[in-house]
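Only one structure is covered here, and it is reproduced in the block below.
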């Protein structure tokens with residue numbers, strides 16, 4: 001097995017995004033690239049990530065899947081310096097991660113047995129979609145966090161409404177159609193979600209890029225964006241309104 005990656009930051013950010021919800025899981029190494037798919041222990045969010053072999057400078061693997069402690073992997077990847085090149089190798093018992101730059105460093109992460117129950121991606125016919133600048137959405141969610149632990153997303157008249165309510169007050173944000181917000185809807189959509197989960201989902205999104213929200217009333221929402229050129233998507237369970 002020979003894997004080399006020059007842009008370690010993109011992989012590091014993806015693993016950080018996964019580690020926000022899932023502490024251990026299986027990474028699949030296939031002829032097409034690396035992928036990860038799992039639900040968090042509370043069954044509130046499903047994560048689906050893939051990184052094409054085209055992203056790597058070198059990618060030669062035997063198809064395999066390996067269980068790792070994702071939180072520890074996240075810590076290791078965070079130690080990469082900007083100019084470091086990552087090389088990755090697998091043995092029967094560990095994942096070896098090397099950073100080659102001004103200095104050479106080698107980390108070994110034990111492989112662990114993780115229940116390999118296949119996770120199926122929900123096939124939902126959504127009624128509304130929103131493409132929104134990540135910075136705008138992050139700031140709107142920060143506003144919502146002043147008042148509540150949950151957030152109501154409403155799509156109506158080609159506008160996105162972000163609403164939060166608590167004992168300290170209420171928030172209502174309106175995002176109208178602009179270059180930074182594109183809304184398409186077949187009908188009015190209203191759904192409620194955990195604010196903390198949603199903030200963690202969008203945290204690793206590049207603030208200058210777009211995040212896609214796909215919604216249907218009282219239905220899990222699909223949130224997707226790219227980390228570098230690699231797609232990551234989350235299915236976030238709804239709350240009772």
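Scan segment 219-226 and tell me whether some residue there is in the same structural domain as residue 155 (by TED's automatic domain parsing) and touching a helix residue (DSSP H, G or I) at 6+ places or on another chain (Cβ under 8 Å).
Checked against the condition, which is being in the same structural domain as residue 155 (by TED's automatic domain parsing) and touching a helix residue (DSSP H, G or I) at 6+ places or on another chain (Cβ under 8 Å), segment 219-226 yields at least one hit.
Note down all Cβ pairs under 7 Å where the first residue falls in segment 174-194 and is free of Cβ contacts under 8 Å to residues at least 40 places away in the same chain, the second is outside any strand (DSSP E or B), and they're at least six residues apart or on different chains.
Between residues of segment 174-194 that are free of Cβ contacts under 8 Å to residues at least 40 places away in the same chain and residues that are outside any strand (DSSP E or B), the close pairs are 177/158.
Check residue 196 against each of (1) crowded, with 19+ Cβ neighbours inside 10 Å; (2) outside any strand (DSSP E or B) and name the one condition it does not meet.
Here residue 196 meets the rest and fails (1).
Within segment 39-65, which residues are surrounded by 16 or more Cβ atoms within 10 Å (Cβ to Cβ) and either out of contact with any helix residue (DSSP H, G or I) (no Cβ under 8 Å at 6 or more places or on another chain) or more than 27 Å from residue 221 (Cα to Cα) (or both)?
Hits for segment 39-65 are 39, 40, 46, 48, 50, 53, 55, 56, 59, 61.
Which residue out of 208, 218 is on the phi > 0 side of the Ramachandran plot, assigned to a loop (DSSP other than H, G, I, E, B) and surrounded by fewer than 19 Cβ atoms within 10 Å (Cβ to Cβ)?
Going through 208, 218 in turn, the sole match is 218.
Of the conditions (1) surrounded by 18 or more Cβ atoms within 10 Å (Cβ to Cβ); (2) in a strand (DSSP E or B); (3) in contact with a helix residue (DSSP H, G or I) (Cβ under 9 Å, 6 or more places away or on another chain), residue 173 satisfies every one except a single condition; which number is it?
(1)
Could you please let me know if residue 24 is more than 11 Å from the chain's Cα centre (by Cα), farther than 17 Å from residue 225 by Cβ and surrounded by fewer than 16 Cβ atoms within 10 Å (Cβ to Cβ)?
no
How many residues does segment 107-128 contain that are part of a strand (DSSP E or B) and either farther than 18 Å from residue 191 by Cα or under 20 Å from the mean Cα position of the chain (by Cα) (or both)?
Matching residues across segment 107-128 total 4.
Does residue 141 meet the test of being surrounded by 13 or more Cβ atoms within 10 Å (Cβ to Cβ), in contact with a strand residue (DSSP E or B) (Cβ under 8 Å, 6 or more places away or on another chain) and assigned to a strand (DSSP E or B)?
So residue 141 fails the test.
Per-residue answers, yes or no, for (1) assigned by TED's automatic domain parsing to the domain that holds residue 220; (2) over 17 Å from the mean Cα position of the chain (by Cα); (3) part of a loop (DSSP other than H, G, I, E, B); (4) closer than 30 Å to residue 239 by Cβ:
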site: 41; (1), (2), (3), (4): no, no, yes, yes
site: 51; (1), (2), (3), (4): no, no, no, no
site: 59; (1), (2), (3), (4): no, yes, no, no
site: 62; (1), (2), (3), (4): no, yes, yes, no
site: 68; (1), (2), (3), (4): no, yes, no, no
site: 73; (1), (2), (3), (4): no, no, no, no
site: 82; (1), (2), (3), (4): no, yes, yes, no
site: 88; (1), (2), (3), (4): no, yes, no, no
site: 92; (1), (2), (3), (4): no, yes, yes, no
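Can you say whether residue 187 is over 30 Å from residue 19 (Cβ atoms) and part of a loop (DSSP other than H, G, I, E, B), as far as the supplied structure shows?
Yes, satisfied.
The values are calculated or read from the model by the stated rules, or taken from the named source; none is laboratory data. Only a predicted model underlies this, so the values are computations on that prediction, with no experimental measurement involved. Backbone-built Cβ (ideal geometry, glycine too); neighbour counts: all protein chains shown.
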